[in-house]
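A.B. asks: There's a structure below that I have some questions on.
The values are calculated or read from the model by the stated rules, or taken from the named source; none is laboratory data. Note that the coordinates shown come from a computational prediction; the quantities given were computed from them, not determined experimentally. Reconstructed Cβ throughout: ideal geometry from the backbone, glycine too, with neighbour counts over all protein chains shown.
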Amino acid sequence: MEILVVGLSHNTAPVELRERLHFPERELPKPLELLGQYPFILERMILSTCNRVEVYAVVEEAERAREAVAKFLSDYHRLRSEEFEDKLYFYTQDMAVRHLFRVASSLDSMVVGESQILGQVKDAYQAATTQDATGAILNHLLEQALRVAKRVRTETGIAQAACSVPSAAVELARKIFGDLAGRIAMILGAGEMAELAARHLLEEGVETILVSSRSFDRAQELAQQLRGRAIRFEEAKLELARADIVVSSTDAPHYVLYKVDLLGAIHLRKHKPIFLIDIAVPRDIDPAANEIENVYLYDIDDLEGVVQANVRERCKEAERAEAIVEKEVASFSSWLHSLGVVPTIVGLRRKMEAIKEAELQKTLSRLSHLSPEEQEAIAALTQAIINKIFHEPMIELKRLATLQDGHLYARALQKLFGLDEESK
């Protein structure tokens, strides 16, 4: 069995492609079920965020599974494989483990140190376990990945040294307007990203926050927290002209603002600048809006330039985080290798127990004069002998299993004790 990662991210593919391969969280049960129909894919999880689409799997034939996942992505999203296959990366075993640990720890994020990815990994893991798509190996891997991420956040200053996606958006807004004091901002979508962006804007002096969401109750709740005003989603376009800054982060499968909407808004604003940051995947705002004078539209890929300003400060903390990841990869690798000797240990234990039981019954049949208590004492004695003989060799076998040639020791035991059938 091998651990496999197949995916693409902001490092390999533009947002235009990532949004076409995106899996909305509410739809995850269906693709997880479809992946489970491949007999050589034993366990699976899908991680789909604005910056990445990745399939994690435990497989029997890595090359065959890799081709199957690529075809699955093509079929499910109705995309020709040549449109994205050269953007895919494939990792197995330690490289796959390292990749997941780095992703969960935000070392592979566009904004290194951002906090959202850990919650997204948790959500993906929960979605997979709900579908019974994970097993012993992925469960162990994901639990360890979550622990690694927490270690990185508590033992390094990577979170303090980094900016988040919403704060990067605010940084861009300052470049457009300078001082944000007295400005009006509109938030489309009332999720975590939108809320974080709104709070950053308030910290920078924005005067009023208009909150619009498909759930008006949620919009009202968030607006109350932000001392802003809730707007019904269908009325947001009418209020657009009032906003200096628009942050959009809905989960709509199509654009919620088109070029014509922005043309109307900029006309009503008498051509005063309007700044839009689209941090949704799929994108919320028609890219053609950027063609309008005094309309400044940025999508999530544009944030990378803002982030680069903090690269030097984050570098040392990221190096410390990478060292933690490497130790944890070695730890997981040792655990995974130790699984290879389990059939040998089970087989040897079973054989020793069978021999003990047969000899015990043979002996007790000749000692019928013994009382039940005396017979139990002899049985306990033979069990104790078996346990003591078994204990140290098995501890050493588990230790040796973590070495590069560890499988040879298990194979030798199988030969010496005739365990070939048991180990199979």
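A.B. asks: Check every one of the helices (runs of 4 or more DSSP H) wholly within the range 110-208 and list those with 2 or more residues that are buried (at least 22 other Cβ atoms within 10 Å of the Cβ).
C.D. replies: On the way: elements: 116-130, 136-155, 158-161, 165-177, 192-203.
Where helices (runs of 4 or more DSSP H) fall fully within the range 110-208 and carry at least 2 residues being buried (at least 22 other Cβ atoms within 10 Å of the Cβ), they are 116-130, 136-155, 165-177, 192-203.
A.B. asks: Same structure again: Would you say residue 13 is assigned to a loop (DSSP other than H, G, I, E, B), in contact (Cβ under 8 Å) with a residue 60 or more places away in the chain, in contact with a Leu (Cβ under 9 Å, 6 or more places away or on another chain) and in the same structural domain as residue 142 (by TED's automatic domain parsing)? Let's see the steps before the verdict.
C.D. replies: Details: assigned to a loop (DSSP other than H, G, I, E, B): yes; in contact (Cβ under 8 Å) with a residue 60 or more places away in the chain: yes; in contact with a Leu (Cβ under 9 Å, 6 or more places away or on another chain): yes; in the same structural domain as residue 142 (by TED's automatic domain parsing): yes.
So residue 13 fits the description; yes.
A.B. asks: Right, something else. Tell me, yes or no, whether the range 43-51 has at least one residue that is of a type in the set (Gly, Ala, Ser), within 29 Å of residue 323 (Cα to Cα) and surrounded by 15 or more Cβ atoms within 10 Å (Cβ to Cβ). It would help to see each step written out before you state the result.
C.D. replies: Initial filter on the range 43-51 (of a type in the set (Gly, Ala, Ser)): 48.
Still in the running and within 29 Å of residue 323 (Cα to Cα): 48.
Then drop every residue that is not surrounded by 15 or more Cβ atoms within 10 Å (Cβ to Cβ), which leaves 48.
Looking for residues that are of a type in the set (Gly, Ala, Ser), within 29 Å of residue 323 (Cα to Cα) and surrounded by 15 or more Cβ atoms within 10 Å (Cβ to Cβ), one finds at least one in the range 43-51, hence yes.
A.B. asks: Determine if the range 46-59 includes at least one residue that is more than 18 Å from the chain's Cα centre (by Cα) and basic (Lys, Arg). Working first, answer last.
C.D. replies: Quick first cut of the range 46-59, residues more than 18 Å from the chain's Cα centre (by Cα) only: 59.
With basic (Lys, Arg) added as a condition, the list becomes none.
No, the conditions are met nowhere in the range 46-59.
A.B. asks: Of all the residues that make up the range 243-262, how many are surrounded by fewer than 14 Cβ atoms within 10 Å (Cβ to Cβ) and part of a helix (DSSP H, G or I)? Spell out the reasoning first.
C.D. replies: Residues of the range 243-262 that are surrounded by fewer than 14 Cβ atoms within 10 Å (Cβ to Cβ), as a first pass: 253-254, 260.
Imposing the further condition that a residue be part of a helix (DSSP H, G or I) reduces the set to 260.
Matching residues across the range 243-262 total 1.
A.B. asks: Whether any residue in the range 379-397 is among the charged types (D, E, K, R), within 46 Å of the chain's Cα centre (by Cα), surrounded by 14 or more Cβ atoms within 10 Å (Cβ to Cβ) and under 30 Å from residue 335 (Cβ atoms) is what I want to check. Step through it out loud before you land on a result.
C.D. replies: First pass over the range 379-397, keeping only residues among the charged types (D, E, K, R): 388, 392, 396.
Then drop every residue that is not within 46 Å of the chain's Cα centre (by Cα), which leaves 388, 392, 396.
Filter again for surrounded by 14 or more Cβ atoms within 10 Å (Cβ to Cβ), leaving none.
No, the conditions are met nowhere in the range 379-397.
A.B. asks: Looking for something assigned to a strand (DSSP E or B), polar (S, T, N, Q) and farther than 30 Å from residue 33 by Cα - is there at least one such residue anywhere in the range 224-234? Write out each step before concluding.
C.D. replies: First, pick out the residues of the range 224-234 that are assigned to a strand (DSSP E or B): 229-232.
Still in the running and polar (S, T, N, Q): none.
Within the range 224-234 (the criterion being assigned to a strand (DSSP E or B), polar (S, T, N, Q) and farther than 30 Å from residue 33 by Cα), the answer is no, since none of the residues qualifies.
So that you can scan it fast, the table gives a plain yes or no per residue for (1) within 18 Å of residue 104 (Cα to Cα); (2) outside the structural domain of residue 111 (by TED's automatic domain parsing); (3) in contact with a helix residue (DSSP H, G or I) (Cβ under 7 Å, 6 or more places away or on another chain):
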residue: 24; (1), (2), (3): no, no, no
residue: 41; (1), (2), (3): no, no, yes
residue: 50; (1), (2), (3): yes, no, yes
residue: 64; (1), (2), (3): no, no, no
residue: 73; (1), (2), (3): no, no, no
residue: 79; (1), (2), (3): no, no, no
